[in-house]
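The values are calculated or read from the model by the stated rules, or taken from the named source; none is laboratory data. None of the values given here were measured: they were computed from a predicted structure. Here Cβ is always computed from backbone atoms with ideal geometry, including for glycine, and neighbour counts include all displayed protein chains.
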Amino acid sequence: MILSIFVAVFLLICSYTDIKNKEIHLKVLLPFFLTGVIIAAVSGRDAVIGALTGTVAGIALLLLSFITRGAIGEGDGLVLVVTGVYLGFFGNLRLLVSSLFLSALFSVGAMIIKGWKKERELPFVPFLLAAFLIIRICDISCI
């Protein structure tokens, strides 16, 4: 539960800066990343393996950012590297897929209702936050 609150606070801070400035600050990423690494290290071998494999989705997004020359934000990949340390491979993959679904749903709705063009840029981290909260609420209430 404590780690979930920690991840939610991290995503909330990053969502704010992503919406306001279209950027993710290293001064936010680094302390949360290092704290996650320390927690994994003191929690044992399985936690360390989970933290390492959890970063895969974020690293993949960073590669896509490089390949697309920034069409996908570098900060989004870095945020997923940090969440991966806490959530592990499958948890982070679930977060990524859920947030992609939410952002697609929102985008289609905005194109239909507001007439937005498909080229319009949206901050992605708020969708990570929304997906994380939905996943956590469903995990708690759907047991």
Test result for Ser141, polar (S, T, N, Q), more than 22 Å from Met1 (Cβ to Cβ) and modelled with pLDDT under 95: no
Only one residue in Leu63, Leu52 is surrounded by fewer than 18 Cβ atoms within 10 Å (Cβ to Cβ), under 20 Å from His25 (Cα atoms) and among the hydrophobic types (A, V, I, L, M, F, W, C). Which one? Leu63
Quick one: how many residues across segment 12-21 are polar (S, T, N, Q) and surrounded by 14 or more Cβ atoms within 10 Å (Cβ to Cβ)? 2
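Listed here are the residues, each with its yes/no results for (1) hydrophobic (A, V, I, L, M, F, W, C); (2) in contact (Cβ under 8 Å) with a residue 12 or more places away in the chain; (3) in contact with a helix residue (DSSP H, G or I) (Cβ under 8 Å, 6 or more places away or on another chain); (4) closer than 21 Å to Ser15 by Cβ.
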site: Ile38; (1), (2), (3), (4): yes, no, no, no
site: Ala41; (1), (2), (3), (4): yes, no, yes, no
site: Ser65; (1), (2), (3), (4): no, yes, yes, yes
site: Gly88; (1), (2), (3), (4): no, yes, yes, no
Considering Val108, Val85, which residue is modelled with pLDDT under 95 and not in a loop (DSSP other than H, G, I, E, B)? Val108
Matching entry among Val28, Val9 (being under 23 Å from Arg136 (Cα atoms), without any contact (Cβ under 8 Å) to a residue 24 or more places away in the chain, among the β-branched types (Val, Ile, Thr) and surrounded by 15 or more Cβ atoms within 10 Å (Cβ to Cβ)): Val28
Hey, can you tell me all the residues within segment 102-143 that are exposed (fewer than 13 other Cβ atoms within 10 Å of the Cβ) and closer than 30 Å to Thr35 by Cβ? Ile137, Cys138, Asp139, Ile140, Ser141, Cys142, Ile143
Listed residues Leu93, Leu129, Leu29; which is touching a helix residue (DSSP H, G or I) at 6+ places or on another chain (Cβ under 6 Å), in a helix (DSSP H, G or I), at pLDDT 95 or above and over 16 Å from Phe10 (Cα atoms)? Leu93
How many of the residues in segment 59-74 are part of a helix (DSSP H, G or I) and either among the aliphatic types (A, V, I, L, M) or at pLDDT 95 or above (or both)? 7
